[in-house]
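A.B. asks: There's a structure below that I have some questions on.
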Amino acid sequence: MTTTHTITVEPLGREVECREDQSILDACLRSGVWLPHSCTHGTCATCKAEVLDGEVDHGAASSFALMDYERDEGKLLPCVACPRSDVVIEADLDVDESMPVHPVEDYSGTVVELSEIARDTVRLVVELDREIGFNAGQYLKFQVPARDGLPAVDRTWSIASPPTEPRRLEFHIRNVPGGRGTDGWVFGGLSAGDTVAVSGPYGRFVLKTDDDRPAILVGGGTGLAPLKSMIRHALEDGASAGHLTLYQGARSREWLYDVEFFRSLAARYRDRFTYRPCLSEETAEDCGADAGAYGFGLVTDVIAADHPTLSGCVGYLCGPPPMVEAALKTLMSRRLFPRDIHREDFFNEGDKASGGVRSPLIKR
């Protein structure tokens with residue numbers, strides 16, 4: 001039987017039971033104790049906290065996200081750290097009181113759709129065994145089955161559907177060559193009718209429903225997924241009244257997806273939503289008669305040309321870390337303060353080795 005220890009979370013003083021084979025973050029979220037987190041696999045450093053007492057196994061924490069001297073000083077990443085005794089930690093809770101907290105639970109799901117939507121990109125739709133509560137922008141953790149002598153592993157993908165659809169959930173997944181979850185599972189044998197094990201919800205990159213300022217949303221690759229959830233929730237469910245502008249960046253049209261969906265949404269909510277798909281490696285000449293429907297160049301160049309200033313707005317950035325960092329700088333150059341920019345960097349397992357720590361300017 002697995003040994004269980006007590007985790008005390010300061011400054012709340014809350015006590016949580018945690019198994020030795022369970023991460024401290026997982027135990028807390030399942031008990032309704034919210035701790036800041038983003039990647040949940042030891043790469044981004046969002047959840048970094050301090051050990052006040054007790055012993056932990058630091059697990060798979062990246063040496064870039066948790067440096068050796070920080071371990072010596074008593075820091076830990078709760079998303080991968082497991083207890084080896086009763087532990088007291090102190091975390092920077094920074095809880096947004098306006099957002100509901102949905103405890104993490106386990107679910108069984110059935111794949112009802114797996115279809116190609118762009119180059120190396122699929123739409124995965126899963127029907128859960130029961131309803132799940134989540135905030136627009138959050139993600140689920142999927143258990144990738146053991147295969148070819150390799151143990152089961154977890155992978156995370158953002159929910160693209162709104163919270164008002166609590167059982168039938170949509171995900172956008174891009175293939176990573178050699179990836180256990182993508183190349184080796186989603187793109188390597190998963191099919192409609194298969195059963196999947198998931199848990200969630202996770203993440204704090206969510207639509208701020210109490211903020212009606214104009215919003216600039218920037219998505220690269222499948223970073224579009226949580227933004228789609230936010231946009232649908234704001235427009236279709238009336239969760240937010242501010243004007244939304246979506247910048248979707250891609251190299252060429254073959255990498256773009258859901259273009260017609262967002263165009264139809266922009267037509268239906270003409271006064272509230274603007275859609276700007278941007279192509280970095282195609283020109284107006286390449287697009288011919290359809291050229292007026294696109295922006296050309298890096299998505300950051302299009303944003304800069306469209307907006308002399310973004311003062312009074314809020315930003316949501318999601319996608320590969322280099323794109324997110326570039327978009328951050330562009331928004332800041334247009335007088336948008338760091339406190340008004342929310343970001344989600346999409347890391348993969350390779351980022352543990354190469355480093356992928358978030359910008360110190362942003363507290364997610």
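A.B. asks: Given the options Ser23, Ser63, Ser31, name the one that is open to solvent by 50 Å² or more (accessible area, probe 1.4 Å), polar (S, T, N, Q) and in contact (Cβ under 8 Å) with a residue 40 or more places away in the chain.
C.D. replies: Answer to the check: Ser31.
A.B. asks: Inspect segment 301-308 for any residue being under 13 Å from Arg251 (Cα atoms), touching a Ser or Thr at 6+ places or on another chain (Cβ under 8 Å) and crowded, with 20+ Cβ neighbours inside 10 Å and give the result as yes or no.
C.D. replies: no
A.B. asks: Same structure again: Just one of Val122, Val144, Val87 is touching a residue at least 60 places away in the same chain (Cβ under 8 Å), surrounded by 21 or more Cβ atoms within 10 Å (Cβ to Cβ) and over 23 Å from Val33 (Cα atoms); which is it?
C.D. replies: The unique qualifying residue is Val122.
A.B. asks: Please list, ordered by residue number, the strands (runs of 3 or more DSSP E) wholly in segment 191-266 having 2 or more residues that are surrounded by fewer than 22 Cβ atoms within 10 Å (Cβ to Cβ).
C.D. replies: 195-202
A.B. asks: Considering only residues that are open to solvent by 20 Å² or more (accessible area, probe 1.4 Å) and β-branched (Val, Ile, Thr), look in segment 90-119 and name the one that is modelled with the lowest pLDDT.
C.D. replies: Filtering first and then ranking leaves Val95.
A.B. asks: Quick one: is Ala293 open to solvent by less than 10 Å² (accessible area, probe 1.4 Å), more than 30 Å from Tyr107 (Cα to Cα) and touching a residue at least 24 places away in the same chain (Cβ under 8 Å)?
C.D. replies: Working: open to solvent by less than 10 Å² (accessible area, probe 1.4 Å): no; more than 30 Å from Tyr107 (Cα to Cα): yes; touching a residue at least 24 places away in the same chain (Cβ under 8 Å): yes.
No, not satisfied.
A.B. asks: Something else: Please indicate, with yes or no, whether at least one residue in segment 150-173 is open to solvent by 10 Å² or more (accessible area, probe 1.4 Å), acidic (Asp, Glu), at pLDDT below 95 and touching a Lys or Arg at 6+ places or on another chain (Cβ under 6 Å).
C.D. replies: Yes, segment 150-173 contains a residue that is open to solvent by 10 Å² or more (accessible area, probe 1.4 Å), acidic (Asp, Glu), at pLDDT below 95 and touching a Lys or Arg at 6+ places or on another chain (Cβ under 6 Å).
A.B. asks: If you check Gly188, Gly178, which single one turns out to be at pLDDT below 95, open to solvent by less than 50 Å² (accessible area, probe 1.4 Å) and over 23 Å from Cys79 (Cβ atoms)?
C.D. replies: Checking each option against the conditions leaves just Gly188.
A.B. asks: Right, here's the next one. Criterion first (part of a helix (DSSP H, G or I), modelled with pLDDT of 95 or more, open to solvent by 30 Å² or more (accessible area, probe 1.4 Å) and of a type in the set (Lys, Arg)) does Arg276 satisfy it?
C.D. replies: no
The values are calculated or read from the model by the stated rules, or taken from the named source; none is laboratory data. Predicted, not measured: the structure shown is a model, and the values here were computed from it. Cβ: placed from backbone, ideal geometry, glycine included. Neighbour counts: every protein chain shown. Heads up: the accessible areas ignore ligands, DNA and RNA and are worked out on the full protein's heavy atoms, side chains in. Shrake-Rupley method; radii C 1.70, N 1.55, O 1.52, S 1.80 Å.
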